[in-house]
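A short write-up of the structure that comes next.
The values are calculated or read from the model by the stated rules, or taken from the named source; none is laboratory data. Bear in mind that the values here come from a model prediction, so they are computed numbers and not experimental data. For the accessible areas, the whole protein counts, side chains as well, though only heavy atoms, and no ligand, DNA or RNA atoms are used. Shrake-Rupley method; radii C 1.70, N 1.55, O 1.52, S 1.80 Å.
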Amino acid sequence: MTSTNSNDESVPDVPLAFVSNTYLNELTKDIRTRPIPWEGYQKAELITPEELDLLKRIDKQSREQLRSVMQKDAEKYAELYTSLLEKLKRFDTIQYILVMTNDMLSDDEKRASYFHKLSSKSSDLPYRPFLKMLDSSDEFIPLGSAKILTILICSALEPLSFDTTDFLRWISTKLKSNNNNICDLAVQILESILKIPSCRLQFWEMPHGIDTLVNYLKAKNPTLQMQYQIIFCFWLLTFERDVAVEFNRKYDLIPTLINIAKSAIKEKIIRIIIRTFRNLVEKAPEANLPAMLVAKLLNFCENLSVRKWSDSEIVEDIEFLKAQLQENFHSLTTFDEYASEIRSGMLQWSPPHESEQFWKQNVTKLNDKNHELLKILSRLLSTSTDNVVLAVAAHDLGQYVKYYPDGKKILQEIGAKQRVMELMTHEDPEVRYNALIAVQKYMSHAWNF
C-alpha cells in the first residue's frame, strides 16, 4: 500500500512492516506465548460475549488459521483491537493485543485500510489508542505501539488527522537511549516517517533530533547498517529545500559523508550518500557546491565514475554531480573557496590564508552577513581540538585586523580577542606562534598596507 503522503517519485516504496530487530522480536516472542484470561474479562464484564468469541477464534492460533480468519473478518478485528486497547489496562493484556495487531498488519499491509475506516466513527482514530501508549512505563508497550503507528501513518491515504509533533518528539528521545537496540528501532521508525514530506521540516526543526543523528554518525562509530539508516534519513530530509540550504552550513556533513563513502565497503552506503549529494545540489546548489568543491568531491566522483556498479542509477547520479561540480569549478572565485573552507571547519594552510594580495582584496567581505565568517573562526578557536585549525584561525583573525583597522572592535565584541590571547600559552608551538603574531597585529598602531 502506498501513501499519498509520500509524494516524491524518487523515494522508494519501503515495506510498511520494516521496523524490526532481534531485541523487539524476542520481546514479542515471549509475549505471544503468555495466556490471557479472556473468560475472566468477560465474567467481569470488561469485554462483551461477542468480543470474547472473536478473541477465542484467534488466540494462540497458527499463522494459517489467523490468515483464514482475517480474510473474512479483518474489519471486525481492527475495531476489536482498538476498542480493547482503550478499555483494558493490564500491561500483559495490552502487550498481547499489540502483538496481535502487529501480526495482523505485518502479515498483509493492506489490512491497514480497515483501521483507517475507523475514522468514520471518530476523527482521531485509528491513531488515538497507540499514541496514548507511547507514554507507558512498560518496556514493550511504547515500542510495539510505535511500530503500529508507523504502519498506520505510512499507509494513510488522507492527510493525517493528528499533530505528529509528539510522535516525532518520542522518536527523538529514543534516539538518545543508552540501549542500542532501542536507538536502532527509533532510526528505523524515523526512516519510514520521513517518507512523509510534512514530517521532514517538523523533525528538522525539532530540538536535538538532528544533533543526535549527527553525533551518532560522527562520534559513536555505528554499525554499517545503522550508518546506512542514518544517512537514509538525511537523504529523505534533503528533499526539502530549507533542509538542503542549512544541511552543511549547520552540521558540516559534506566532508563527513565524503569520508564515509571513501571507506565504505557496501555499495548501498555509497549510493545513498551520492543520492544525498544530488538532492543538495538540485535543491540548494548555491549553498552546497562551493563546500563540495573545497571537500574535493569532484576528485572523488571522478574516481567513482571509473568503477563498476551493479546499480545503473548510481552511475547517472555520479555523472550528474561531476557535471555540476565541473561547471562550478571554473566559476568558483578564490574567496568562494576560502569561505567554503571556513564554513566546513576543516581549515588548512591553503593559498588564500598566506596571500597578502588575497587579504587586501577581500578583507571587508568577512564583514558580510553580520560577520558570519568571523564568528565561525571565533567559534573554531573555542571548539576545535585540531592544532592546524586553531593555528590557521588565529592567523586569519590577525590578518583581518591588519588589513581592516576597525576590525579590532568587532573581534572584541564577538569574543575572539580573548580566545586568541589564551592560545598564546597553548601546548602546540605552531598554535602559540600564530596566536602571538595575531595579538601583535591587534595591539599594533602602525598599520602597514
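Given axes a ≥ b ≥ c from the Cα gyration tensor, I'd like to know whether the stretch 344-390 is rounded (a/c under 1.5), prolate (a/b larger than b/c) or oblate. Oblate. Rounded to the nearest whole angstrom, the semi-axes of the ellipsoid equivalent to the stretch 120-160, taken from the Cα gyration tensor as √(5λ), stand at 21, 12, 6, largest first. Multiplying the residue separation of Met421 and Leu224 by 0.36 nm and subtracting their alpha-carbon distance yields 66.6 nm. Lys132 exposes around 130 Å² of accessible area when a 1.4 Å probe is run over every protein chain in place. Residues Ser263, Ser119, sorted by accessible area with the largest first, give Ser263, Ser119 [1.4 Å probe; ligands and nucleic acids excluded]. Per-residue surface analysis assigns Tyr23 an accessible area of about 40 Å², computed on protein heavy atoms at 1.4 Å probe radius.
Within the chain, which whole H helices from DSSP have a Cα span along their axis of at least 30 Å and a mean Kyte-Doolittle hydropathy of 1.0 or more, if any?
Helix filter hits for the chain: none.
When its C-alpha radius of gyration is set against 2.2 N^0.38 Å (N residues), the stretch 348-445 gives a value of 0.96. Computed from the alpha carbon atoms alone, the convex hull of the stretch 67-144 holds 85 Å³ per residue.
Helical content of the chain, expressed as a calculated mean residue ellipticity at 222 nm, amounts to -21500 deg cm²/dmol (DSSP H runs of 4 or more residues, -39,500 (n - 2.57) each, divided by residue number, nearest 500). Computed from the Cα positions only, the extents of the stretch 145-209 along the three principal axes stand at 36, 24, 16 Å, in decreasing order. Remark: relative contact order (the chain) = 10 percent; criterion is Cα-Cα distance under 8 angstrom and separation of 6 or more residues. Summed over all non-identical Cα pairs, the Kirkwood treatment of the chain gives a radius of 25.3 Å.
Contact order, relative form, for the stretch 85-219: 19 percent (alpha carbon pairs under 8 Å, 6 or more residues apart, mean separation divided by residue count). Can you list, bin by bin at 10 Å, the percent of alpha carbon pairs in the stretch 288-425, starting at 0? So the P(r) values, bin by bin, are 11, 37, 28, 15, 8, 2. Normalised by residue count, the stretch 250-327 yields a Cα convex hull volume of 84 Å³ per residue.
A viscosity of 1.002 mPa s and a temperature of 20 °C, combined with the Kirkwood radius over Cα pairs in Stokes-Einstein, give a translational diffusion coefficient for the stretch 30-79 of 182 µm²/s.
The rule of thumb for compact globular proteins, 2.2 N^0.38 Å, goes into the C-alpha radius of gyration of the stretch 97-214 1.03 times. Against the compact-protein benchmark of 2.2 N^0.38 Å, the Cα-based radius of gyration of the stretch 184-279 scales to 0.98. Rounded, prolate or oblate: which fits the stretch 210-359 when a ≥ b ≥ c are the square roots of the eigenvalues of the alpha-carbon gyration tensor, with rounded for a/c under 1.5 and prolate only if a/b beats b/c? Since a/c reaches 1.5 and a/b is larger than b/c, the shape of the stretch 210-359 is classed as prolate.
Where the centre of each part is set by its Cα atoms, how far does the stretch 236-293 sit from the stretch 405-447, in angstrom? The stretch 236-293 and the stretch 405-447 have Cα centres spaced 35 Å from each other. Given a 1.4 Å probe and the protein chains as shown, Leu175 ends up with an accessible area of around 10 Å².
The residues Met346, Met206, Met421, sorted by heavy-atom accessible surface at 1.4 Å with ligands and nucleic acids left out, run Met346, Met421, Met206 from largest to smallest.
Taking only the C-alpha atoms of the stretch 143-183, Rg followed by Dmax gives 11.7, 36 Å. In a Debye calculation with equal point scatterers on the alpha-carbon sites of the stretch 35-172 and no solvent, what is log10 I(q)/I(0) at q = 0.13, 0.18, 0.21 Å⁻¹? Scattering profile of the stretch 35-172, log10 relative to I(0): -0.54, -1.06, -1.42.
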